[in-house]
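Just below is one structure, and these are the notes that go with it.
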Amino acid sequence: MESEHGWKFTQCFGDKADLEDVTEADIISTVEFDHTGDYLATGDKGGRVVLFERSDNFYTEFQSHEPEFDYLKSLEIEEKINRIKWLRPNNNALYMLTTNDKTIKLWKVCEKTLKQVAENNLLDGDRAPPADIANLRLPKLVSCENIVAAIPRKIYANAHTYHINSISVNSDGETYLSADDLRINLWNLGINNQSFNIVDIKPANMEDLTEVITAAEFHPASCNYFMYSSSKGTVKLCDMREAALCDQHAKQFEEVEDPASKNFFSEIISSVSDVRFSADGRYILSRDYLTLRLWDINMEREPVRTISVHDYLKPKLCDLYENDCIFDKFECNISGDGKQAMTGSYNNYFSIYNLADEGGASDVMLQADKNAFRAKRVQGPNGSKSKVGIPRNGRGGLSKDDIDPENIDYNRKILHSSWHPRENTLAVAATNNLFIFTD
């Protein structure tokens, strides 16, 4: 018997203001669960990082990056947080890497006890000095309150000429990579003034440039493997044991398009915006503008499964090009057990796909929207009213057939999300709000 999905909206964090009233700095730009799933981090366009703890919800907030100006190139460097990656916790402290376009920072987040002097000889001038040595008092420190402190431990700067789009921590726990449009660098966490260039696709003449790097990630188990995707629609798997500079990939995953179906938009919509390894490292999930693909790393010939995310937008590509939405970079996620995948769309829609179900009968489309949650709160089969959207065949969720491309709000979109590593819980960023959904 087919299992019944029960995805439910459980929490919403953030200001409930209308979209028009949201300030640019409050828009969430990245979301990431830690390895345990007990902590969740979000970064925004204002350079802030907000941490949530499973038991008490809000944990702490700190300013990770500030706006800067590169005087040599006359360029403003935004404070927007592009990526957050967690490191393994150590000595009761949390560690994470955060990055904007140019600078990566290693943060230590820990609880501290503030102490203050409760007794001394002068009592801040309220008492006369002691008359003799026998009356001298030793100062006393007493604990007054516990705080959560965020301390920058390392700053990794001046290694990228172009904008950083990805960081990924290696399974060895000692190194990480950072990728920009044309290069990927390998860092040791303990050394912040030196990195090694492991991929360089910059041509000798920039007029010959045909592709850029869009995302990169280390293999979750084998520390010598990493992959990167490109704007040409390819995903390349590299082995650092083969050469110091991994310009020659070990494997390439690409679905070649039929030349007869090519058009003006083909190259734009084929650009891969995100890639993820499954937790066991066997599969690669890639997302381009219209499609989600699942690859087996042992089979380069074709993807195991190809999923159309929002094929109803194909007739609207010209409009999407004019309003620049065609360049939106949607992220994708794969569940900890590797059985489900998730990615976002417009109008704050996002879809959860059963990767084993070729027919898509058990796929679920939901909407992360506080207004839709209030207006379309529907009764589930068990009598509860916690599912978001319009029921389809008795299931909670929306149907693609119900969606009218003419009435979609393209300013509301699900670009950033994170899947809990051990259970079916999703954190979904919708403008300045963070929604939590559980199955």
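The values are calculated or read from the model by the stated rules, or taken from the named source; none is laboratory data. None of these values were measured; they are calculated from a predicted model. Positions of Cβ are generated from backbone atoms using ideal geometry, with glycine treated the same way; all protein chains shown enter the neighbour counts. With ligands, DNA and RNA removed, areas are computed over all heavy atoms of the protein, side chains included. Shrake-Rupley method; radii C 1.70, N 1.55, O 1.52, S 1.80 Å.
Data table
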| item | result |
| --- | --- |
| Flag for SER143 being touching a residue at least 60 places away in the same chain (Cβ under 8 Å), over 30 Å from SER74 (Cβ atoms) and not aromatic (Phe, Trp, Tyr) | no |
| The listed residue being within 23 Å of ASN333 (Cβ to Cβ), open to solvent by less than 80 Å² (accessible area, probe 1.4 Å) and within 26 Å of the chain's Cα centre (by Cα), out of CYS246, CYS238 | CYS238 |
| Unmet requirement for ARG137, which otherwise passes all of (1) out of contact with any Pro (no Cβ under 9 Å at 6 or more places or on another chain); (2) in a loop (DSSP other than H, G, I, E, B); (3) not small (Gly, Ala, Ser) | (1) |
| Breaking point among (1) in contact with a Lys or Arg (Cβ under 6 Å, 6 or more places away or on another chain); (2) open to solvent by 70 Å² or more (accessible area, probe 1.4 Å), for PRO139 | (1) |
| Positions within the range 8-38 being at pLDDT 85 or above and either of a type in the set (A, V, I, L, M, F, W, C) or touching a Leu at 6+ places or on another chain (Cβ under 6 Å) (or both), in sequence order | PHE9, CYS12, PHE13, ALA25, ILE27, ILE28, VAL31, PHE33 |
| Selection from the range 15-26 of residues that are open to solvent by 40 Å² or more (accessible area, probe 1.4 Å) and either part of a loop (DSSP other than H, G, I, E, B) or out of contact with any Ser or Thr (no Cβ under 9 Å at 6 or more places or on another chain) (or both) | ASP15, LYS16, ASP18, GLU20, ASP21, THR23, GLU24 |
| Residue in the range 112-127 that is out of contact with any helix residue (DSSP H, G or I) (no Cβ under 6 Å at 6 or more places or on another chain), basic (Lys, Arg), surrounded by 15 or more Cβ atoms within 10 Å (Cβ to Cβ) and part of a strand (DSSP E or B) present | no |
| Flag if ALA260 is open to solvent by 70 Å² or more (accessible area, probe 1.4 Å) and either aliphatic (A, V, I, L, M) or under 22 Å from the mean Cα position of the chain (by Cα) (or both) | yes |
| Selection count where residues are within 17 Å of the chain's Cα centre (by Cα), without any contact (Cβ under 8 Å) to a residue 60 or more places away in the chain and closer than 16 Å to ILE104 by Cα, scope the range 42-63 | 5 |
| The range 53-91: number of residues that are open to solvent by less than 30 Å² (accessible area, probe 1.4 Å), under 18 Å from THR161 (Cβ atoms) and in a loop (DSSP other than H, G, I, E, B) | 1 |
| Some residue of the range 142-163 being within 21 Å of the chain's Cα centre (by Cα), part of a strand (DSSP E or B) and of a type in the set (A, V, I, L, M) | yes |
| Single residue of the range 325-352 satisfying the filter (open to solvent by less than 10 Å² (accessible area, probe 1.4 Å) and among the aromatic types (Phe, Trp, Tyr)) that is farthest from ILE408 (Cα to Cα) | PHE330 |
| Residue count, the range 152-202 (criterion: surrounded by fewer than 14 Cβ atoms within 10 Å (Cβ to Cβ) and β-branched (Val, Ile, Thr)) | 3 |
| Residue that is farthest from PRO421 (Cα to Cα) [pool: residues in the range 263-283 that are of a type in the set (Asp, Glu) and surrounded by fewer than 20 Cβ atoms within 10 Å (Cβ to Cβ)] | GLU267 |
| Enumerated strands (runs of 3 or more DSSP E) restricted to the range 191-288, each holding at least 2 residues that are among the charged types (D, E, K, R) | 235-239, 274-277 |
| The range 39-52: number of residues that are within 18 Å of ASN333 (Cβ to Cβ) and assigned to a loop (DSSP other than H, G, I, E, B) | 0 |
| Test set (1) in a loop (DSSP other than H, G, I, E, B); (2) touching a Phe, Trp or Tyr at 6+ places or on another chain (Cβ under 9 Å); (3) at negative phi - LEU317 fails condition number | (1) |
